[in-house]
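As structure tokens, the structure follows; a few thoughts come after it.
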Amino acid sequence: MRKAIIAGLLLGLAFVAVAADPPTADITNGTVRAKLTLPDPQDGYYRAVRFDWSGSVLSLEANGHSYFGQWFPRYDPHISDAITGPVEDYTPLNYKESKPGETFVKIGVGVLKRPEEQAYRIGTAYELLDGGKWSVRKGADFVEFRHELSDPKSGYGYVYTKTVRLTPGKTQMTIEHNIKNTGTKAIATDVYNHGFFMLDTQPTGPDFTVTFPFAIKPVSGDMTGLAEVRGNQIVYLKELEASPVPAPGAAPGGAPGGNRGAAPAGGPGGAQAGAPGGGPGGAQAGGPGGAPGGAPGGARGPNNRTASIYLDGFSLTDPKDFDIKVENNKTGAGVRITGDHPLSRVHFWSVRTTVCPEAYVDVKADPGKETSWKLTYDFYSMPKAAAPAAR
């Protein structure tokens, strides 16, 4: 009997340990409140190998509106796109140059082992050989992440610093980046921030508009019947449908938004193909779910769940075109995203639970040199759309 009780207690303790929430940090400037996840190889919210482990925002509230949350239907720390908030995805530094069994590097993730696959695929669970060294410094209104990595086999190494900061006196958040090249090879890649915006957890549809400062020229992808380009805006023609995949439960850490079953069907798996404009590494076909349409292979499923296009029309030299607005006219929530570097390419991806303009910038640093860039998020309120008159 005593042994049975002890065994039960041990099992209970083990369950508690497994169910423990991942490490997070709360910051505020008095007008904006945000909760961020912290990188941790054992207990971190995100432990997959697609996205940079730093800077993910579980929740952010400003002006009575919410902006980020759990947009995906099933949480597991090892799923490639089970992550929230404005999070970044760097094209691997040397996947094409490496051979099967050799190493390649992803900034913000670590040293990975290349398998037999010829093309890099965003949903593949590559073996993480070395996650580098993470350190975190926190203040009342900021979190600074530092990632140190060295891979002598490939010749790549860096010290990567990212600071997420809430601007005093403003409903504004900035993300400051700095990469110092400590390796023997030049760093030449690109990165985009996958906003995963969930304005007031409203379903993606006609209440949303996405505005760019230039006339949009669609390049590839498919939004037929779901959304369309009108001048410098993307507008929705209908509310996107939810995925039929059942949602088993919310992720830990208090991310709002719940599981509304709207992640792209088929799960991760898109290969990187050549990008319009030819950025380094090629473009990621179709965002988190693989090819445009959410299902692997590119064809939209019968539930009309995904609107996705690559677009052009922007300057490759003037940062003024990095100025994007996502607005919900029903609730009056808006966010403006600006960058201090020119765009290198732009992809737009959305499902029922999230709207994601993906703006790429080039990242280059010779050995011993460093590079810096900054993103700014301004959160604001608009007049709510008038309700339709009763007949």
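The values are calculated or read from the model by the stated rules, or taken from the named source; none is laboratory data. Note that the structure is a prediction, hence the values are computed from the model and not measured. Every residue, glycine as well, gets a Cβ built from its backbone with ideal geometry; the counts of neighbours run over all protein chains shown. Heads up: the accessible areas ignore ligands, DNA and RNA and are worked out on the full protein's heavy atoms, side chains in. Shrake-Rupley method; radii C 1.70, N 1.55, O 1.52, S 1.80 Å.
Being open to solvent by less than 10 Å² (accessible area, probe 1.4 Å) and touching a helix residue (DSSP H, G or I) at 6+ places or on another chain (Cβ under 8 Å): is that true of residue 85 here? So that I can check it myself, show each step before the final result.
On the way: open to solvent by less than 10 Å² (accessible area, probe 1.4 Å): yes; touching a helix residue (DSSP H, G or I) at 6+ places or on another chain (Cβ under 8 Å): no.
No: the conditions fail for residue 85.
Give the residue, chosen from 94, 29, that is in contact (Cβ under 8 Å) with a residue 24 or more places away in the chain and closer than 24 Å to residue 128 by Cβ. Write out each step before concluding.
Values: 29 fails: closer than 24 Å to residue 128 by Cβ.
Of the residues listed, the single one that is in contact (Cβ under 8 Å) with a residue 24 or more places away in the chain and closer than 24 Å to residue 128 by Cβ is 94.
Looking for something out of contact with any strand residue (DSSP E or B) (no Cβ under 9 Å at 6 or more places or on another chain), open to solvent by 20 Å² or more (accessible area, probe 1.4 Å) and of a type in the set (D, E, K, R) - is there at least one such residue anywhere in the stretch 123-144?
no
Taking the stretch 294-324, which residues are in a loop (DSSP other than H, G, I, E, B), within 21 Å of residue 340 (Cβ to Cβ) and either out of contact with any Ser or Thr (no Cβ under 8 Å at 6 or more places or on another chain) or at pLDDT below 75 (or both)?
Let us first name the residues in the stretch 294-324 that are in a loop (DSSP other than H, G, I, E, B), namely 294-306, 313-318, 322.
Among the residues that remain, those that are also within 21 Å of residue 340 (Cβ to Cβ) are: 313-318, 322.
If the condition is that a residue be in a loop (DSSP other than H, G, I, E, B), within 21 Å of residue 340 (Cβ to Cβ) and either out of contact with any Ser or Thr (no Cβ under 8 Å at 6 or more places or on another chain) or at pLDDT below 75 (or both), then 313, 314, 315, 317, 318 are the ones that fit.
Tell me the residue from 191, 105 that is of a type in the set (A, V, I, L, M) and either in contact with a Leu (Cβ under 9 Å, 6 or more places away or on another chain) or without any contact (Cβ under 8 Å) to a residue 24 or more places away in the chain (or both), please.
On the way: 191 fails: either in contact with a Leu (Cβ under 9 Å, 6 or more places away or on another chain) or without any contact (Cβ under 8 Å) to a residue 24 or more places away in the chain (or both).
Being of a type in the set (A, V, I, L, M) and either in contact with a Leu (Cβ under 9 Å, 6 or more places away or on another chain) or without any contact (Cβ under 8 Å) to a residue 24 or more places away in the chain (or both) holds for just one of 191, 105, which is 105.
Restricting attention to the stretch 307-336, which residues are of a type in the set (Ser, Thr, Tyr), crowded, with 17+ Cβ neighbours inside 10 Å and over 17 Å from the mean Cα position of the chain (by Cα)? Talk me through it step by step, then tell me what you get.
Initially, the stretch 307-336 is screened for residues of a type in the set (Ser, Thr, Tyr), giving 308, 310, 315, 317, 331.
This time we only want the ones that are crowded, with 17+ Cβ neighbours inside 10 Å, so: 308, 310, 331.
The one that is of a type in the set (Ser, Thr, Tyr), crowded, with 17+ Cβ neighbours inside 10 Å and over 17 Å from the mean Cα position of the chain (by Cα): 331.
Tell me, please, whether a residue that is of a type in the set (Lys, Arg), modelled with pLDDT of 95 or more and not in a strand (DSSP E or B) can be found in the stretch 220-234. Don't jump to the end; show me each part of the working.
Keep residues of the stretch 220-234 that are of a type in the set (Lys, Arg), which gives 230.
Adding the requirement that they be modelled with pLDDT of 95 or more leaves 230.
Now restrict to residues that are not in a strand (DSSP E or B): none.
Checked against the condition, which is being of a type in the set (Lys, Arg), modelled with pLDDT of 95 or more and not in a strand (DSSP E or B), the stretch 220-234 yields no hits at all.
Search the stretch 131-148 for residues that are in contact (Cβ under 8 Å) with a residue 12 or more places away in the chain and in a strand (DSSP E or B) and pair each with any residue that is among the small types (Gly, Ala, Ser) and surrounded by fewer than 19 Cβ atoms within 10 Å (Cβ to Cβ) when their beta-carbon atoms are under 6 Å apart and the residues are at least 6 apart or on different chains.
Close Cβ pairs satisfying both conditions: 138/25; 143/25; 146/135.
Restricting the search to the stretch 187-219, which residues are outside any loop (DSSP other than H, G, I, E, B), farther than 28 Å from residue 70 by Cα and open to solvent by less than 50 Å² (accessible area, probe 1.4 Å)? I'd like the intermediate steps shown before the answer.
Pass one, the stretch 187-219, residues outside any loop (DSSP other than H, G, I, E, B): 187-194, 197, 199-201, 208-211, 217-219.
Restricting the remaining residues to those that are farther than 28 Å from residue 70 by Cα gives 187-189, 217-219.
Listed by number, the residues that qualify are 187, 189.
Check whether at least one residue in the stretch 64-80 is surrounded by fewer than 19 Cβ atoms within 10 Å (Cβ to Cβ), of a type in the set (S, T, N, Q) and part of a loop (DSSP other than H, G, I, E, B), and report yes or no.
no
Please find, among 174, 184, the residue that is part of a strand (DSSP E or B), of a type in the set (Val, Ile, Thr) and surrounded by fewer than 22 Cβ atoms within 10 Å (Cβ to Cβ). Step through it out loud before you land on a result.
On the way: 184 fails: part of a strand (DSSP E or B).
Unique residue meeting the criteria: 174.
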